[in-house]
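To start, the structure itself, in C-alpha cells.
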Amino acid sequence: MPSPIVDEFLLGGDFVSGEEIARKAGISRTAIFKRVRAMRKAGYVIEASKGRGYRLVPRFDGLLPLEIRMRSRSRQFGASIVVMDSGDSTQNHLRSLALSGAPEGTVVVALEQTSGKGRMGRSWSSPRGGLWFSLLLRPSLQLRDLPKLTLLFGVAVAEAVEELGVDVCLKWPNDLLVGGKKVCGILMETSAELDRVEYVLVGVGINANFLTTSLPEDVRSKSTTLSEALGKKIDRCGLIARILELSEELYREAQEDGFENVLNAWRSRSCTTGRNVTVMSFGNVLKGTAVGIDEDGSLLLETESGRVRVYSGDVIL
C-alpha cells in the first residue's frame, strides 16, 4: 500500500516532488496523486507547487494523525496515532490495540467521547473541543513504581500548559487545577502479572476549547477550561505534541535514573501540601493535613492519630 510511504515523505514539512517519492519508494506517480487527493478529502492541507512538489501544512488546532506527528519531536510516543471522530472511550479502544500487540507509544485521540472514563469507575464528560487521548506504555518498572507514573504525567501536562501562559497546580493524585478549578484529569489502568507489567494505559482528559456550560451541572462550578482561562482558543495539536515530548523525556529518565526529578517537580506545583483535606479511600474517610508525598508517591497525611500514608483515594481540599 502506498499510503504510509507517501505519508512519511510528507512528514518532513518541506516540499517533496512526486518524482522523488516515486523513485525512492518504487511506486507510481498516479498512486501518489491518489493518496494526496485522499488526504485532502480527509482534512489535510497539502500544498502543491509546480516544480517543487507537495508539502503538508499542519492546521491550527488540527488533530489528524500526521498533523500531530509533524508537530511532535518525540521519538516513540505518538509514532502511531489513531484519531476517532467520536468514540465511547479512548481507554477502551487503546486496550483493544494493546491486547493485539500494539507497540509502546501508540496513541488514541477522540474528538468526542460518549462514555469517557474517570477514576473510581466514574464517567468523564468529554464534549467536542476538549483534548481526550490515551497513551500505551509497556514499562520496564517494578509494580511498586507504577503509581508514580500518574504523577509523572501530571508534571508533563502541567509543564505543557504552563508554556501556554496558564498557572496550574497539582492536586494529588491526578488532577490539574487552574484557579482552584479542575482543568485536567489523568487515569491510569494497568495489566500486570506478579513479576511483569504487560501494559499501562494512560488516559488524559483536558478541558481545552469549550465553555464549562457544556459540562453537566454537577461539575460546572468545579471546572474550568484552558480557553476560558486564556480568553482565547488554544492549539490542541501543539499541546498534545508538547505533552508527548515532555512525558517521553520524563518517562525515559524515570526508567533509567528513578523518579526523584519527577517527585520534586510535582511537589513544586502541589496545591495539596499544607492543606487540611478529607480523603475518601476504599470506603474510609480520613481527615488531616497533607504534609507532602513520599518517595513511593503516596500522600502523607497528618491525622489526630498520627501520620499515615494514602496510596489511593479522592482528596477534597
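For the residues ASN284, ASN207, ASN264, a GNM of the chain with alpha-carbon springs under 10 Å puts the largest fluctuation on ASN284. Could you give the angle, 0 to 90 degrees to the nearest 10, between helix 147-162's Cα long axis and the longest principal axis of the Cα atoms of the chain? For helix 147-162, the angle is close to 60 degrees. Here r is the Cβ-Cβ distance between SER115 and THR213 and R0 is 22 Å; the resulting FRET efficiency, rounded to 0.05, is 0.55. Comparing GLY180, GLY283, GLY18 in a Gaussian network model of the chain (Cα springs below 10 Å), the most mobile by mean-square fluctuation is GLY283. Charged neighbours of ASP85, selected by a Cβ distance under 14 Å, balance to -1 (K, R count +1; D, E count -1). A Cβ-based charge dipole, computed about the Cα centre of the chain with Lys and Arg at +1 and Asp and Glu at -1, lands at about 1240 debye. Between the entries (i) 0.93; (ii) 1.18; (iii) 1.09, the label attached to Cα Rg over 2.2 N^0.38 Å calculated for this structure is (iii). If you take all other residues with their beta carbon under 13 Å from the beta carbon of THR30, and give Lys and Arg +1 and Asp and Glu -1, the sum is +3. Simple point charges give the picture: +1 on the Cβ of Lys and Arg, -1 on the Cβ of Asp and Glu, and for the stretch 174-269 a dipole about the Cα centre of about 780 debye. Which one, CYS237, VAL161, SER191, is farthest towards the positive end of the dipole of the chain when Lys and Arg carry +1 and Asp and Glu -1 on their Cβ? It is CYS237.
Would you work out what percent of the accessible area of the chain, with all protein chains in place, is carbon or sulfur (probe 1.4 Å)? For the chain, the apolar C and S fraction of the accessible surface comes to 48 percent. Accessible surface comparison of VAL45, VAL108, VAL178, probe 1.4 Å, protein chains only, largest first: the order is VAL45, VAL178, VAL108. For the chain, the solvent-accessible area works out to 48 Å² per residue, with a probe of 1.4 Å and every protein chain left in place.
Helical content of the chain, expressed as a calculated mean residue ellipticity at 222 nm, amounts to -9500 deg cm²/dmol (DSSP H runs of 4 or more residues, -39,500 (n - 2.57) each, divided by residue number, nearest 500).
When LYS181, LYS233, LYS41 are compared by accessible area of protein heavy atoms, the largest-first order is LYS41, LYS233, LYS181, using a 1.4 Å probe. Rounded to whole Å, give me the distance from the Cα center of the stretch 60-101 to that of the stretch 287-302. If you average the Cα positions of each part, the centres end up 34 Å apart.
The values are calculated or read from the model by the stated rules, or taken from the named source; none is laboratory data. Note that this is a predicted model, so its numbers are computed, not measured. Glycine also receives a Cβ, built like all others from the backbone with ideal geometry; neighbour counts cover every protein chain displayed. In case anyone asks, the SASA skips ligands and DNA or RNA and just uses the protein heavy atoms, side chains included. Shrake-Rupley method; radii C 1.70, N 1.55, O 1.52, S 1.80 Å.
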